[in-house]
Structure formats: structure tokens, C-alpha cells
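Accompanying notes for the structure given below.
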Amino acid sequence: MTPSSASFSLWDYVVFTLMLAISAGIGLYYAFAGRGQSSSNDFLVGGRSMTAVPVALSLTASFMSAITVLGTPVEVYQYGAIFVLICFSYILMVVVSSEIFMPIFYRLGITSTYEYLEMRYNKVIRLFGTVLFIIQTVLYTGLVIYAPALALNQVTGIDLWGAVISTGVVCTLYCTLGGLKAVVWTDVFQVGIMFAGLLAVIFQSVLLQDGISTIISDSTQGGRLNLWDFDPNPLRRHTFWTITVGGTFLWTSVYGINQAQVQRYISCKSLFHAKMALYINLVSLWAITLCSVFSGLCLYSVYKNCDPWTARKVSAQDQLMPYLVLDILNEYPGLPGLFVAAAYSGTLSTVSSSVNALAAVTIADLIRPYLNLSERQLSWASKGTSLFYGVVCIGMAGLASLMGGMLQAAISIVGVIGGPLLGLFSLAVLFPCANSKGGLAGLLAGLALSLWVCIGAQVYHPLPENNRPLALATHSCNVTMATSGFNWTTSPTERTMSDFVLNEEKRDRPWLADNWYSLSYLYFCPMGTLTVMIVGLIVSIISGGQQLKLQPGLTLSKNDLTCYKAYNVLKEKVSGGAGRLDLVHELEKSFGKTNLAFCDVELSTQPPA
């Protein structure tokens, strides 16, 4: 049976519906079976009582969405497996996030990361940061909702917008009812489904292609194992440098300062659990990325002689993975449903995390400071804002349908706004002399620069010589194609995605188009970050920032570093010379419950004079 004539079986619907039912059931459990969400603290940060392992899996699920399940394999299929180098950037991201940003956010006991901006700068910058986060998250979440709807539309024929609305409704339901605890535990379940869906595709592809060696051999011959490209040219779309350097900044802006992730750290019962959650999360990030990349190699091996997109068997590149699923798994009832459930799980986890984070910043930054509400009223307001943002994100999925490839679109959205925000927080945490004038000037400069290059890149697409798409063959496709002005009968030939670049790409282009606007999209984030820090430092020094007197605990100190804590523990044990050394236990005692939310005395949130 070919993909075009295949459809979901009863068992596919059973698997898919079961995933939805369990996800919704977890939300209902935390809403009704427990003691309920009696306060906004319970609803938004789980009562600050979570442990490392579930939080770690939730951290992974939050940004490993359907874009990972559907977009990363297509990225590898089109451009090669060099994207796997993003695993190196995960290591650097985890170290920077856990050692620089996490200790400060946890120590202050904040609900919204933007509370820190008011403590460190002023209320204007806090509101600026909150608004930017809301815009970034709503745009990104709209894309995440639209992605699995494409999969459902391709695989099952279910109405595209019916799928979009149902995704948003289920997410909004359990997020609104169950709060952060429901979000975290559904994330744990959904990460398992994501792994299962990807592994089903990998195992069947390996069996179909007679072993892993065949897939590796096909990928090598097709140029897909292009792992070590050290070209320093910043215009090249993917090289070792763009992926590792740009990826480190990008993912630090996600895991270091993004509300959706920070909200999980501060829900942990101790700083040690929070740090351990991030390091455990690293392992699951590697696992999902490796599975996604290898799925892309499987996709190429199966279709190396007949590219479905070139042959017009699918209408968009992002439908290639669902097409493969029906092609190779349809004779196994339930497995196509498992893969679609995996894509859907990625969406549910990401959207629910985003909605919960949006509710948190709205309550903490826009409602609580200005309205005198009781905890009970704030709890209901939290649920109401969750419902509101769920509806807004469904609406934003309409804009996502106008974007290009999922992976690049998602990274561009995160990088353009996340980069300047990362620079603003880095300036505050690392440089005691940074003041509010410097912070605001740097943020505006970084945001303007990032938006300029991103919008320019959308108007003038980078040339194929910078994108470097790899060849896709069609000589085994027995199909005559006559669409969009192209008319040929496939014959022994190879074409790349650049063969379909429209004529206007070849017209005279301004100098900026082939130089500035062709900057790799992975550099949008570091460019924004560094611009904020450089401009912010200069303006702060000029405006007298060196005389600024800060409250204790607002900037990084050596006592926040795990390596310094470990050194002191070892030094004590060596000098004391008694007892067996259990470094993990000693570190846990050393960090302790440093979250001020557990203390009777709260740190003043008034900004410095």
C-alpha cells in the first residue's frame, strides 16, 4: 500500500486517542484528586516541592517539540547530519545555565524571571522584558501547534485546522486545570511517547534497509555525513562554528533565562535538585537529538533514488516524515498512530509549558504588582490567564502556516528575541557596574540589530552557495511532473532544493543581501546577546554605573559555583581526615534549600536607588 492510499487503522486511532486521554487525565488528577491548587504558588511553581528526575524530563519536553520530531529529520535529509553537532552546544549550555543563572534565580525565590530585572534594573526594563517574552512565546507556540497538524493532515486526512484547534484545546485543558505539576508529569509521559515514535521509525527503517551499515553507507555516498566543516565564514548556514557557538547562545537563552525553563528550576525543593535536573536533562536531550538525526539518515536511505518532495508526492518538506511512516509502518497496525502520537506529544508538552509560563509572567509582572488580590483570587486569575493564552496560541498557529521550514523558523523566532534578552540578563548577572540606562540602551540596540538582519533575511533569502542543500535524486520516480512552471518527466538525474529557487533570487541583489542578510540564522542570537552587553557596558560606564550600590545576592559570586563548593568540601575532608567522602551528599548539604521562598524573611524587591 502506498502512502497516498493508506490511512489510519482502528488501532492507530486507539493508540493516538489513548495518548490524548492519559495527558488529559493527568491534568484532571492534579485538579481534582489532590488538594487542588489553593494558591498561585501551587498552580505556577508546584509548591516548590518537585524533585530532579521529573523536572529533568519536563525540561527536555518543553523545547523538544513536534519541530524536533518532524523538522530535524528533514534538516538532515536536506542538509546533512552536521546538525548533530548541536549536542556539543548542549554541554556548554548546561554548564552556563546551571552555574551562572540558576543559583541567582533560585536564591531570590522569584516566580517570574523578569522580577529579577526590576530588582537589578528598574520596573520599565522588567515590563519591557515581560512583553518581549510574551511576543516570543506566542509566536513560537503558534508554530509548534501548526507542525503536528501538518503530520495529521498528511497521514490521516484529518482537517488541518481541526487538528490545530484540538491540539490547543487539550493543552489548555490540562494546563488550566492542573497547573505546573500536571504540566511536568504529562511532560514525563510525553517524552516516553516521543522516544517510542522515533524508535519505531528507526527500527523499521533498519530492517527495511538490511541493517545500519546500509543506512550509513547510503548517507556517506549521498554526502549526508558532513560532520566536520570548520569553515569560519559566518554566512555559511551550518558549520562546526555556527552550530556550536550559535547553538550555545541559542540554547542558553532557552534554558538559562526563559520563563518556561526557569519556572521548573524554581519548582525544585533544593538548588542541588535544580542543578541535577539540568544535568539529567542533558542526557535526554542527547538521546532525542541523536534519534531525530538518525531518523533523517533513515529518511534519506529509503528515498535516496526518489525524493517524494521533488516528485510532488508531498506538498511540503515537513510532510516527509509522516509520508515515510505510512510508507514503511502501515502494515503494522498502531505504529503509524504511535508516530503521530509522538509528534502530538511534543506539541502538547511544549504548548502546555509555554501557556503555564505565560500565565506565570502575566500574574507576577502584570497583575500582582498592580492589583490587590488574595491568594485565592490570584489562583483563579492564573487559571483564567492560562485559558486566555491557550486561545491566543491557537490563533497564532494561523501565522505559522505562512512560515517556511519548521526548524529554521522556530530557531529564528527564539534567537531574534531570546538573544537580546540573554544579553540583558548576562549584563546584570556578570557586571555589577551595569545600570538601568545601560541595560535599556543595550536591549534596544540588540533588538533593533537582530530584527534588522532577520527581516532582511526573510526578504532576501540566502543564496544556495551559503545554504548548500545536498543533491536529491529522482531517477527511480516513474512520474511526470508539471507544476508551478516546471514540466519534466523524471529520468536519471539529481536535483537539489536550490533547483527550485525562483527567478527573482537570481536578479541583481543589493550588497547587504549577499553579506549582512545572508548571516547564518544561528548567529542571530549571539549577535543580539553581544550587542546588548557591549552597548550596555559602554552606556553604564559613561552614565556612572561604577558608583552603583547593589543589594547582596543580585550578581554571581564564587559561592554559587559547584566547582568551588566541591573544592571546599574536598578541602574540609582532606584537612579533617575523617570519615568516608560522599561528594554528592556533601554537595546537597552544602547547597541546601537556598530558595528564599522557603525562608521566613524575604529579600526586598525594591530596585536599587
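Quick note: the coordinates plus some simple rules give every number you see, no bench work behind them. In this text the structure is predicted, and so the values were computed from the model without any measurement. Cβ: placed from backbone, ideal geometry, glycine included. Neighbour counts: every protein chain shown.
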| field | Spin-label model distance (nm) - residue 509 vs residue 135, 7 Å beyond Cα toward Cβ | value | 2.6 nm
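Return the FRET efficiency for the residue pair residue 558, residue 312: r is the Cβ-Cβ distance, R0 is 60 Å, and the value is rounded to the nearest 0.05.
Calculated transfer efficiency: 0.50.
By how many nm would the segment from residue 373 to residue 392 lengthen if fully extended, with 0.36 nm per residue of separation less the alpha-carbon distance? Could you put the intermediate results ahead of the total?
Working: separation 19, 0.36 × 19 = 6.84 nm, distance 2.45 nm.
Fully extending the segment from residue 373 to residue 392 adds 4.4 nm.
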| field | Within region 182-199, backbone nitrogen closer than 16 Å to the virtual label 7 Å beyond the Cα of residue 332 toward Cβ | value | 193-199
| note | A chain fully extended from residue 229 to residue 430 at 0.36 nm per residue, minus the present Cα-Cα distance, gains in nm 69.1 nm
| task | With a ≥ b ≥ c taken as the square roots of the eigenvalues of the C-alpha gyration tensor of region 220-282, please select rounded if a/c is under 1.5 and otherwise prolate if a/b is larger than b/c or oblate if it is not? | result | prolate
| Hey, rough spin-label estimate for residue 541 and residue 28, points 7 angstrom out along Cα→Cβ, what's it come to in nanometres? | 6.2 nm
| query | How many nm separate the modelled label positions at residue 534 and residue 516, each set 7 Å beyond the Cα in the direction of the Cβ? | reply | 1.4 nm
| Based on the mean of other beta carbon atoms within 10 Å per residue, what is the order of 136-145, 363-372, 342-351, 440-449, most packed first? | 342-351, 136-145, 440-449, 363-372
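For the pair residue 455 and residue 221, what calculated FRET efficiency results from E = 1/(1 + (r/R0)^6), where r is the Cβ-Cβ distance and R0 = 41 Å, to the nearest 0.05?
0.55
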| Between residue 124 and residue 549, what FRET efficiency comes out of the Förster formula 1/(1 + (r/R0)^6) with R0 = 30 Å and r the beta carbon distance, rounded to 0.05? | 0.90
